[in-house]
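*Asks:* Structure incoming, see below.
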Amino acid sequence: MNAYRSIIITSSALLLLMLATFVGCSKKQEVGGVGDAPAKVYVAPGTYDEFYAFMSGGFSGQVSVYGLPSGRLFRVIPVFGQDPEKAYGYSEETKPLLNTTHGFIPWDDAHHPQLSVTDGQTDGRWLFINGNNTPRIARIDLTTFETVETIEIPNSGGNHGSPYLTPNTEYVVASTRFSVPIPQKDVPISSYKENFKGTISYIKVDSATGRMNLAFQILVPGINYDLSRAGKGPSYGWSFFSSYNSEQANTQLEVNASQNDKDFIAAVNWKLAEELVAQGKGEQWPASYYHNYMDAADVGKSEVMSGVRVLNAKEHPGLVYYLPTPKSPHGCDVDPSGEYIVAGGKLAALIPVHSFSKLQRAIANKDFDGEYDGIPILKYESVIAGEVKEPGLGPLHTEFDGLGYGYTSMFLSSEIVKWKIGTWEVVDRIPTYYSIGHLMIPGGDTKQPYGKYVVALNKITKDRYLPTGPELTQSAQLIDITGDKMKLLLDFPTIGEPHYAQACPATLIKDKSKRWYPIEENHNPYAIKAEGDARVERDGKTVHVYMSTIRTHFAPDNIEGVKVGDKVYFHVTNLEQDWDVPHGFSVMGSTNSELLILPGQTRTILWEPKQAGVIPFYCTDFCSALHQEMQGWIRVSS
Amino acid sequence: MLSFTYFFPLWEITLEAPQYPEGLGLEIWINQMQGQHPGDLNKINNLNHYIGMKTIKPESIPELKIMPWVMRGVMLLGLLVAATGRRSWLTFWLLIFIAVAAAGLVDFYLWGYDYGHNLDTEHAIIKVPGMSYQPPVIGAKKLLNFRAISLPGIGGWIAIGSFTIGLLVWLWEMRRQRKPATNAA
Ligand SMILES: [Cu+2]
């Protein structure tokens, strides 16, 4: 045991040393903006970028939208975090989206944006993203770039391998990162092996509305499930999940979860699971979780759901198999043809590639190498298609260009390595600055990648930008992959951690973008359709102000009769029916945020006056020449 | 042919300003007034209230109720004229057509005049010496930050086309009648 430990510590030190050396010398190799790079990323004023890129905000809990190739930031979409700029999570309409069984949680750790797909190709309808910390999945509507739905995942201890989609967005998946007692109970942590379990959840997506609904869960051995991809083409009907800590260690995982030479990729036959559920197999387990969504009136609703159908993997032969995969696999990616499943091992010195057809043959021949907690382990030699040898250090994630090449990010050696599918030989490599995690090729996980660029999503930037104290920006790097040699074109800073990103051609989204909400379709119960309907109504200690905004006044703009201790709800309807003309609303001493009301929308903010006086309110979104005059007063009596 | 005027706008007023790259304008149809794009009328009214101009409410413009009847009259008459095939009747029809068109344009001018001059003085916030907010009857004019361009729409061109055909027939008839006369001489 001690010998093992010293080997690991020595080799880690060696890796760090190599990393330091690499960073030290690579700086001299590259001078930014060389050759024709500026022309390749220049998007002239008034013209558009070719791609929308959706980047996760990591620990900011949000999604940011960039244009490629320019790297210009267009918008930050609040998802799991409150955003005072847009009143998301502050307005009464949007607060319900952040409800969970643990209460109102205005933060999460958002990692993997996933664009909806039809026939394995991006369709530009929705964007899904996971909340790692308090297991959740959110859906963003790409006609409005607004979060419209969140669903909590029960029986989960951290939602990392999520929300990877099946090829027609039939399901989004959610796999447990941390195994925990399921159902939860008070047990010693050292009883991990007996008591801890994992789940893999399949959430059905309504193909017309996008509405999510937890269809079933699969109970799996208690290890860490990391990343996932769905099969496609020949492997349609299967999903693959990388996993680690097959040691089932419960302390000092850094060392104790790195002992086994091989961990697993779990292959899950979700088509079979679907059939089993249809046959009434599995058990209905008690569970409580929130499902929040914007309803037809554009008002957030929270429903507490109960119960979930659970299939225990070991009771249903053929449902789950383990593919042995070298040392702590992290990434798990499927190539455009659907035949190859590529693993990335944080500590591995090669990239193992599994073959789906070999997997099928091995299952038919029962080429098993024993079982793990009731799940059959397939023989490594029987399922492996090839290994990319000496790719660099710390291979993590792979995306594809659609031309027969894989591109793998190398965390420890800070580089991207390009290799050929089939021959498994490395054909090119390029340094990244620094510590790349995920990488992204537009459509790089689909049946037909758009190629063109690979974006490196880097964890640290060190000396790449002007310093901003101890905390520096994280960054993305745009690399041209159209030629034989990869070429760095552009660096740009990102919001939070650019954990993963997805991109699609702008044409898939641009023309469907909503310009305003038709006022006649505004069914918010507190909406007013014309200025003449503006009014103030008292109901006990609650005051409802039905307010309208239009360039450049509020109605009413003089409000009297409010008392200290009242709850005042400002229901503000923006009567404008014009593109890009929102109005804002804020009142002095407000303890939450402003409102941002899009044209035709109604948004409500709660204000609780604490002292008597006459308090001003005003429009916060510069709307016209008389924006400064857009103001009013509310009189508060004791 | 004139019946096509029901399916296309007679007149169009387009407003150009840097803030409206997507276009903004009004279409005057025989029996209605509407935006060139969905929401345009609402946008124009919102902008207008801001400088004290009246709200355009298509349902309260009497001309839009009268015009279809007038046009139907002109059409019926036109058919009658065609049936009789008499030149004097055609002359009469053309004169009526001119009168109707003139009345229409005068009315349009008066409407524009009232619309552009008869401001709610309490709201006429931006005043530029010598400038009224009256849109042009035909042609282009600068109105504050907008360039207003007023031109016949497809329906208008059809009406002009109908009139031109009528006129050509009239001219041709005149020549034909004159010819036998010269022959006889
Ligand atoms: Cu305003």
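Every number in this text was worked out from the coordinates using simple rules, so none of it is lab data. None of these values were measured; they are calculated from a predicted model. As a convention, Cβ positions derive from the backbone with ideal geometry for all residues, glycine included, and neighbour counts pool all protein chains shown.
*Asks:* Restricting attention to the range A:542-638, which chymotrypsin sites (Phe, Trp or Tyr not before Pro) occupy a DSSP loop and are surrounded by at most 12 other Cβ atoms within 10 Å?
*Replies:* Numbers: sites: A:546, A:554, A:569, A:570, A:579, A:585, A:607, A:617, A:618, A:622, A:633; in loops: A:579, A:622.
In loop regions of the range A:542-638 (DSSP not H, G, I, E or B), the sparsely surrounded chymotrypsin sites (Phe, Trp or Tyr not before Pro) are A:622.
*Asks:* Post the alpha-carbon centroid distance, the range A:489-533 to the range A:558-621, in whole angstrom.
*Replies:* 22 Å
*Asks:* Then there is this: Please give the length that would be gained between residue A:472 and residue A:373 if that part of the chain were fully extended, namely 0.36 nm times their separation in residues minus their C-alpha to C-alpha distance (nm, one decimal). Can you show the working numbers first?
*Replies:* Details: separation 99, 0.36 × 99 = 35.64 nm, distance 4.42 nm.
Between residue A:472 and residue A:373, full extension yields 31.2 nm more.
*Asks:* Here's another thing I want to ask about it. With charges set only on the Cβ (+1 for Lys and Arg, -1 for Asp and Glu), what does the dipole of the range A:33-117 come to about its Cα centre, in debye to the nearest 20?
*Replies:* Charge dipole, the range A:33-117, about its Cα centre: 100 debye, nearest 20.
*Asks:* Here's something else I'd like to know. For the range A:473-591, calculate the relative contact order in percent as a whole number, restricting contacts to Cα pairs under 8 Å that are 6 or more residues apart.
*Replies:* Here the relative contact order equals 19 percent.
*Asks:* A follow-up question, please. Round to the nearest 0.05 the FRET efficiency obtained for residue A:580 and residue B:167 when R0 = 51 Å and r is the Cβ-Cβ distance. Numbers along the way, then the final one.
*Replies:* Working: r = 48 Å, r/R0 = 0.94.
The computed FRET efficiency comes out at 0.60.
*Asks:* Just in the range A:569-638: which trypsin sites (Lys or Arg not before Pro) are loop by DSSP and have at most 14 other Cβ atoms within 10 Å?
*Replies:* Passing both the DSSP loop test and the Cβ count: A:610.
*Asks:* Which percent, nearest 5, of DSSP beta bridges in the range A:514-607 are antiparallel?
*Replies:* Beta bridges within the range A:514-607, antiparallel portion: roughly 70 percent.
*Asks:* Share of antiparallel DSSP beta bridges in the protein assembly as shown, in percent to the nearest 5?
*Replies:* 90 percent
*Asks:* Between B:27, B:173, B:12, find the one with the highest GNM mean-square fluctuation for chain B; connect C-alpha pairs within less than 10 Å.
*Replies:* Result for chain B, Cα springs under 10 Å: B:173 fluctuates most.
*Asks:* Return A:302, A:191 ranked ascending by Cβ neighbour count within 10 Å, so the fewest neighbours appear first.
*Replies:* Listed from fewest to most nearby Cβ atoms, that is A:191, A:302.
*Asks:* Fewest first, what order do A:51, A:216, A:368 take by the number of other Cβ atoms within 10 Å?
*Replies:* A:368, A:216, A:51
*Asks:* Based on the Cβ-Cβ distance of residue A:190 and residue B:22, what FRET efficiency does E = 1/(1 + (r/R0)^6) give at R0 = 56 Å, to the nearest 0.05? Please list the in-between numbers first.
*Replies:* Numbers: r = 65 Å, r/R0 = 1.17.
For residue A:190 and residue B:22, the calculated efficiency is 0.30.
*Asks:* How much length is gained on full extension from residue B:98 to residue B:175, taking 0.36 nm per residue of separation minus their Cα-Cα distance?
*Replies:* Details: separation 77, 0.36 × 77 = 27.72 nm, distance 2.16 nm.
Value of the extension gain: 25.6 nm.
*Asks:* Label-point separation (nm) for residue B:31 and residue A:591, each offset 7 Å from Cα along Cα-to-Cβ?
*Replies:* 6.0 nm
*Asks:* Say each of residue B:86 and residue A:73 gets a label point 7 Å from the Cα, pointing the same way as Cα to Cβ; how far apart are those two points in nm?
*Replies:* Roughly 8.2 nm, to one decimal.
*Asks:* What nm value, rounded to one decimal, do you get for the distance between residue A:279 and residue A:236 when each label is placed 7 Å out toward the C-beta?
*Replies:* Between residue A:279 and residue A:236, the label points sit 2.3 nm apart.
*Asks:* Ok, one more. What does the charge count around residue B:109 come to, taking other residues whose C-beta lies under 14 Å from its C-beta (Lys +1, Arg +1, Asp -1, Glu -1)?
*Replies:* Neighbourhood net charge equals -2.
*Asks:* Kindly rank B:159-166, A:338-345 from highest to lowest mean number of other beta carbons found within 10 Å of each residue. Walk me through the numbers before you get to the answer.
*Replies:* On the way: B:159-166: 16.4, A:338-345: 24.6.
Highest mean packing first, the order is A:338-345, B:159-166.
*Asks:* Ignore the peptide's own chain and count Cβ atoms of other chains within 10 Å of each Cβ in A:576-587; give me the average, rounded.
*Replies:* Values: counts 4, 9, 11, 7, 2, 3, 0, 0, 0, 0, 0, 0.
Counting other chains' Cβ atoms within 10 Å and averaging over A:576-587 gives 3.
*Asks:* Now for a different question. Put one equal scatterer on each alpha carbon of the protein assembly as shown, apply the Debye formula with no solvent term, and list log10 I(q)/I(0) at q = 0.04, 0.05, 0.09 1/Å to two decimals.
*Replies:* Computed log10 I(q)/I(0) values: -0.26, -0.39, -0.95.
*Asks:* Which FRET efficiency value, to the nearest 0.05, do you get for residue A:482 and residue B:126 by plugging their Cβ-Cβ distance into 1/(1 + (r/R0)^6) with R0 = 56 Å?
*Replies:* In this case the efficiency is close to 0.60.
*Asks:* Could you list A:75, A:177 so that the one with the fewest beta carbons within 10 Å of its beta carbon is first and the one with the most is last?
*Replies:* With the fewest neighbours first, A:75, A:177 line up as A:75, A:177.
*Asks:* What length, rounded to one decimal in nm, is gained on full extension from residue A:425 through to residue A:510, with 0.36 nm per residue of separation minus their alpha-carbon distance?
*Replies:* Value of the extension gain: 26.7 nm.
*Asks:* Loop-only check: which trypsin sites (Lys or Arg not before Pro) in the range A:194-229 are DSSP coil with at most 16 other Cβ within 10 angstrom?
*Replies:* Details: sites: A:197, A:204, A:211, A:229; in loops: A:211.
Filter output for the range A:194-229: A:211.
*Asks:* Could I ask something else about it? Anything in chain A that counts as a DSSP H helix reaching 18 Å or more along its axis (C-alpha) with Kyte-Doolittle mean of at least -0.5? List them, would you?
*Replies:* Flagged H segments are A:2-29.
*Asks:* Over chain A, what is the relative contact order in whole percent, taking alpha-carbon pairs under 8 Å and six or more residues apart?
*Replies:* With pairs under 8 Å counted, the relative contact order is 11 percent.
*Asks:* With contacts defined as alpha carbon pairs under 8 Å and 6 or more residues apart, what's the relative contact order of the range A:202-321 in percent? Spell out each step's value before the answer.
*Replies:* On the way: 194 pairs, mean separation 28.6, N = 120.
That works out to 24 percent.
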